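Notes follow once the structure below has been shown.
Please treat every number below as a calculation from the coordinates, not as lab data. Treat the numbers as computed from the prediction; the structure is a model and nothing was measured. Positions of Cβ are generated from backbone atoms using ideal geometry, with glycine treated the same way; all protein chains shown enter the neighbour counts.
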């Protein structure tokens, strides 16, 4: 069994925020793989299903970002899951928009959701880092992550969510490099690629 956690903030006013791309991705996984309806559990919303034969629990913590670990810890304890069976999908400032990188453990780069999760379950969970780009100046970061994606961003955001959902079975099978590659190729095929400057644009 795996626990896939999407990070975000609850409430309609945050739905379209860059910080909520983790929510968007797990919702896409639920749709793509025919998961059960979302219901309130573990201080969040949870959905159950299977991906390529592996039982998966999807979780959206409803505690606000900086307390995400409470929900993750409660779900992990209930299902008796080790930290290695937890994957967290989250926004990543240090990656260009639409880029995806997977790593296990490591630093939290100032991400309050990751900080909270590490304090509750340990640090060695898998992180699927979903690039949202950096505003360029540290002082603008807070406003950047808590602002909605621009209308012009929506095509690549939807394409990214679909690509992750299509290939997430590779994450469940611990094939992280294959997952990264498949998502990259899917984004290219849909006309999205990063140029040499790290900027996002049509391929």
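So how far apart, in nm, are the two label points at residue 119 and residue 55 if each is 7 Å from Cα heading toward Cβ?
3.2
Enter the Cα centre distance for the pair the stretch 1-78 and the stretch 93-167, rounded to the nearest angstrom.
Here the answer is 15 Å between Cα centres.
So for 146, 7, fewest C-beta neighbours within 10 Å to most, what's the order?
146, 7
Rounded, prolate or oblate: which fits the stretch 55-117 when a ≥ b ≥ c are the square roots of the eigenvalues of the alpha-carbon gyration tensor, with rounded for a/c under 1.5 and prolate only if a/b beats b/c?
It is prolate, given that a/c is not under 1.5 and a/b is the larger ratio.
Picking from 103, 77, 151, which is most flexible by a Gaussian network model of the chain using Cα springs under 10 Å?
151
Can you work out the FRET efficiency for the pair residue 174 and residue 139, with r the C-beta to C-beta distance and R0 = 35 Å, to the nearest 0.05?
0.35
Mind listing the Cα extents of the chain along all three principal axes, in Å, largest one first?
Projected onto the principal axes, the Cα atoms of the chain cover 44, 37, 31 Å.
Can you sort 111, 167, 33 so the residue with the fewest Cβ neighbours within 10 Å comes first?
Ordered from fewest to most neighbouring Cβ atoms within 10 Å, 111, 167, 33 come out as 33, 167, 111.
Give the percent of DSSP beta bridges with both residues in the chain that are antiparallel, rounded to the nearest 5.
60
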